[in-house]
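The values are calculated or read from the model by the stated rules, or taken from the named source; none is laboratory data. No experiment lies behind these values; they were computed from the predicted model shown. Here the Cβ positions follow ideal geometry from the backbone for every residue, glycine too, while neighbour counts run over all protein chains shown.
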Amino acid sequence: MYRAKKIALVIPAYNEERLIRPTLQNIPQTIDKIYVVDDCSRDNMASVVQELMKSDKRIELLRHAVNQGPGGAIITGYLESAKDNNDITVVVGGDHQMPLDEVDKFLDPLIDGQADYTKGNRFFVLDKTLSKMPKLRIFGNILITALTKIA
């Protein structure tokens, strides 16, 4: 519980065997429930999650039978969170790139009624982000942003 609110975390994940462990091991106690949505991963990510579930009872693994992409995985997580009556649902990727120790900064405006939705931007700390982010992902983000602006 955070400020009397039940907080859930949705992690859409696809082939994140290598990074899901540090992602899950760095989730603060602020988070009451963790939904990892395995979007038909072809690696051993689900096994890693199942292993971590033994020591962290907050974790629940949801598995898609058909790959639905990140949007579908997020929807699956949101629906499960709503079914479990969580007050606020946070979404982060399974690639250990988001500093979850800052989650309170996003929860406070929601709880205080100052915002209906909050969103982080990993590019606010550009040098730190670029050093951690795979070069192919940086290129992909630039390309998608450019195409979106053109459209």
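Which count do you get for residues in the range 1-19 that are at pLDDT 95 or above and either under 21 Å from L107 (Cβ atoms) or in contact with a strand residue (DSSP E or B) (Cβ under 6 Å, 6 or more places away or on another chain) (or both)? Of the residues in that region, 12 qualify. Taking the conditions (1) surrounded by fewer than 21 Cβ atoms within 10 Å (Cβ to Cβ); (2) under 25 Å from Y117 (Cβ atoms); (3) more than 12 Å from the chain's Cα centre (by Cα); (4) in contact (Cβ under 8 Å) with a residue 40 or more places away in the chain in turn, I7 satisfies each one other than (1). Here is a list of conditions, (1) among the hydrophobic types (A, V, I, L, M, F, W, C); (2) modelled with pLDDT of 95 or more; (3) surrounded by fewer than 20 Cβ atoms within 10 Å (Cβ to Cβ); (4) under 19 Å from T118 (Cβ atoms), and A65 meets all of them except one; can you say which number that is? All conditions pass for A65, except number (4). Specify the residue that is farthest from the chain's Cα centre (by Cα); the eligible residues are those in the range 15-24 that are surrounded by 19 or more Cβ atoms within 10 Å (Cβ to Cβ) and more than 11 Å from L100 (Cα to Cα). Among residues in the range 15-24 that are surrounded by 19 or more Cβ atoms within 10 Å (Cβ to Cβ) and more than 11 Å from L100 (Cα to Cα), the one farthest from the chain's Cα centre (by Cα) is E16.
On inspection, I27 qualifies as closer than 28 Å to K5 by Cβ, within 13 Å of the chain's Cα centre (by Cα) and in a loop (DSSP other than H, G, I, E, B).
Among the residues of the range 52-92, those identified as small (G, A, S) and either more than 21 Å from L19 (Cα to Cα) or out of contact with any Ser or Thr (no Cβ under 8 Å at 6 or more places or on another chain) (or both) are S55, A65, G69, G71, G72, A73, S81, A82. Only one of the listed residues (V90, V36, V49) is under 23 Å from R137 (Cα atoms), without any contact (Cβ under 8 Å) to a residue 60 or more places away in the chain and either crowded, with 17+ Cβ neighbours inside 10 Å or in contact with a Lys or Arg (Cβ under 7 Å, 6 or more places away or on another chain) (or both). That residue is V36.
Would you say D43 is surrounded by fewer than 10 Cβ atoms within 10 Å (Cβ to Cβ) and assigned to a loop (DSSP other than H, G, I, E, B)? So D43 fails the test.
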